[in-house]
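Below is one structure, written out as structure tokens; the observations come after it.
Read-outs throughout are calculated quantities, based only on the coordinates presented, and are distinct from any laboratory measurement. Please read these numbers as outputs of a predicted model, since none were measured by experiment. Every residue, glycine as well, gets a Cβ built from its backbone with ideal geometry; the counts of neighbours run over all protein chains shown.
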Amino acid sequence: MVDRLLGRPRDRETAPSAPPPPEDPRDAVWARVQLARNPRRPHTLELVGHITDAFVELHGDRLFGDDGAIVGGPARIDGRRVMIVGHQKGADTDENIRRNFGMGKPEGFRKAIRLFELAERLGLPVVTFVDTPGAYPGAEAEERGVADAIARSIGAMCRLRVPIITLITGEGGSGGALAIAAGDVVVALENAVYAVISPEGCASILWRTPEKAPDAALAMRMSAQDQAELGVIDRVVAEPGEGAHVDAAETGRRLRAVILEELDGLAALSPDELVAKRGGRYRVFGAFDDLGVTEPIPGAADRPGLADRLRRALEPVGKSVGDALGGRTGRDGRDARDAREGRDAREGRDAREGRDEPPAREEV
Amino acid sequence: MPLTLPFRPRRETYPPDMWTKCPSCSEMLFNKHLAKNLRVCGTCGHHFRISAKARLDQLLDPGTFRERDEGLASRDPLGFVDSKPYADRLVAAQLATGRRDAATWGFGALGGRRVAICALDFGFMGGSMGSVVGEKVTRAAEGAFVERIPLIVVSASGGARMQEGTLALMQLVKTIGALERLRAAGLPYISVLADPTTGGVFASFAALGDVNVAEPNALIGFAGARVSAGTIAEELPPGFQRAEFLFSHGFVDRIVTRADLRDELALLLALLRPAGATDDASGSVRRG
Ligand SMILES: [Zn+2]
């Protein structure tokens, strides 16, 4: 926990040595995005084939249908039974159409919930494989309640009384990834990425053009290494050679070793301890100050003088749990300077009217 | 700090104009009448967006609201810069709204019953959820848990705040985890979905009400319309992602006009009282 608050990855021994000093950090992170999306990268079922001794895929959510973009079922790893749930991308165009490019639909997330609950009933640890551009953003997904399905899948993971190991093997795309990624331990392959929105979607909204996707990828710090520094990912696993796509079997061997090790670590915890510890893992995420509660906020109805308003806006009077995470950019001089130039007045009014910010809608 | 700024007065204090054009029926509405009508068009019933403060004023018994954690402010954990720094956007929104972030939470009484309540403000960076909004929703749920009282969250948000990256995404788990604990404790949670409730806010606490109440015609959905209509070429059905669409597909229990919302919530609170709780509406209401 302390490690997480301090933003330190818990485990560095399997972390790869840093990639060669990048000419441009934007190019470096964009190269990772490309590797994470490489169609030849091993996807969930291929990895499961390398990792497990036995696996039976189960189909259907018992409510509407079967989603090929999310797969799962019971499996055995080194004699230990587990429940597998993962996104499934296709290896070629035909399969990708069938699997919807790994973009889960409501029935996929509801199948995941069904498998989580079955695992809990049988006392099986859960291993999830995350590799999706995001949930399917189409009309039928909205009709069948994709937001509801994602929220309930996350809820099921929050209360599950068996260990959950999450492996981010490729693209960790937003809510559609998170729906099966709320594990006790979150492990990522070296070239995996994780973000709140696709870099293209972020760039379209904030830079007004998808061309700026590499800038967005850098700004969101979406590489596995950066996410480990933020504490969102616990452990980064090195990929063989130029990336997982050059040796799927070796990638599987490395993941298998990590799964077994993490299962051993979690086996010591009682179900109550597991749920409490998992709750604690996610409870501490956030980076904020407590600026105090005694004074009206600057700009509030009593309209204190502008100087007071600025002073109150800029002066922290207390700090909170999120302290350890942020602090990379001071909010000191720059803000005051901009305010002095009067820029905030105009922009602030825009924000008030909701025009400055295009609604920060998630792509998925 | 003796500063002179070309500061524009805030709208509530000095309306830039006395009239507002209804975006739905194009009727010119006298602002005073609009305010008296809870910012609902008297001609066509269009529900204008309202601030968190206005929402709490409308819903809670006068004088009962006690805000908590109003000082929470984001730390810009990524040092995020797009066309301008996130830190600048935050300060601009703070100065414009008089709030430190997009959520307000506290304890109050609704129809005489004590509740923990959190309201989001679309006027602050689109009501987007970063660390502070996630924390306040979570603390509201925890406040309800500790006092064994119902939770109400009024959502108006475009979704997760991109400028906080995966830390914004993690707020989905944080808030849902708190709701799971509330649920396990047998306490009711009412989610009010106002225009708009989309993205990661809808896919976390907003979707999970024991009762989901929506305002008429509120935009409610997961994927942004830009994405739904663009990325995936597909004709969108009429009324797509509106409250009535969600209602007809079974994800919203009730569509309630703003004028009726307070009474509706009061009745729901009476009927969904936690098992074993006394009906405090008839007795004295504790003040927080
Ligand atoms: Zn109208």
Original post:
How much FRET efficiency would the formula 1/(1 + (r/R0)^6) give for A:Ala268 and A:Arg161, where r is the Cβ-Cβ distance and R0 is 25 Å, rounded to 0.05?
Top reply: 0.95
Original post:
Percent of alpha carbon pairs in the range A:148-189 separated by more than 16 Å?
Top reply: 32
Original post:
Where the Cα atoms of the range A:26-283 are projected onto their three principal axes, how long is each span, largest first, in whole Å?
Top reply: 49, 42, 39
Subject >> Residues A:Ala238 and A:Arg81, FRET efficiency given R0 of 22 Å [Cβ-Cβ distance, rounded to 0.05] >> reply: 0.20
**OP:** Give, rounded to the nearest 20 debye, the magnitude of the charge dipole that the range B:50-284 has about its Cα centre when Lys and Arg contribute +1 at Cβ and Asp and Glu contribute -1 at Cβ.
**Re:** 400
Subject >> the range A:202-257 - Kirkwood radius from inverse mean 1/r over Cα pairs (Å) >> reply: 13.3
Original post:
Based on the Cβ-Cβ distance from B:Phe240 to B:Arg66, what FRET efficiency comes out when R0 is 45 Å, to the nearest 0.05?
Top reply: 0.70
Original post:
What is the mean number of Cβ atoms from other protein chains located within 10 Å of the Cβ atom of each residue in peptide B:65-71, rounded to a whole number?
Top reply: 4
Subject >> lysines whose Cα lies under 16 Å from that of A:Lys105, excluding same-chain neighbours fewer than 8 positions away >> reply: A:Lys89
Original post:
Lysine pairs in chain B 8 or more apart or on different chains: how many have alpha carbons under 25 angstrom apart?
Top reply: 8
Original post:
Once the mean 1/r over all distinct Cα pairs of chain B is inverted, what Kirkwood radius in angstroms do you read off?
Top reply: 19.8
**OP:** Report the label-to-label distance for A:Glu57 and B:Val146 in nanometres (one decimal), using points 7 Å from each Cα along the Cα→Cβ vector.
**Re:** 4.9
**OP:** Output the peptides A:68-75, A:260-267, A:169-176 sorted from most to least packed, where packing is the average of other Cβ atoms within 10 Å over each peptide's residues.
**Re:** A:169-176, A:68-75, A:260-267
Original post:
Computed over the Cα atoms of the range B:74-179, what is the convex hull's projected area averaged over all directions, in nm²?
Top reply: 6.7
Subject >> Potential extension, B:Met18-B:Thr278 segment - 0.36 nm per residue separation minus Cα distance >> reply: 88.9 nm
Original post:
Which of these, B:Gly63, B:Gly186, B:Gly111, has the largest mean-square fluctuation under a Gaussian network model of chain B (Cα springs below 10 Å)?
Top reply: B:Gly63
Original post:
So how many Å³ per residue does the convex hull of the Cα atoms of the range A:130-273 work out to?
Top reply: 128
Original post:
How far apart, in nm, are the 7 Å Cα→Cβ label points at B:Asn37 and B:Leu271?
Top reply: 2.9
Original post:
How many nm is it between the label spots at A:Leu122 and A:Glu140, if each spot is 7 Å from the Cα in line with the beta carbon?
Top reply: 2.9
**OP:** Find which of B:Asn217, B:Thr198, B:Phe48 sits farthest along the positive direction of the dipole of chain B, computed with +1 on the beta-carbon of Lys and Arg, -1 on that of Asp and Glu, about the Cα centre.
**Re:** B:Phe48
Subject >> Beta bridges per DSSP with both ends in the range B:104-197, % antiparallel, nearest 5 >> reply: 40
Subject >> Net lengthening on full extension, A:Asp247/A:Gln34 (0.36 nm per residue, minus Cα-Cα) >> reply: 75.0 nm
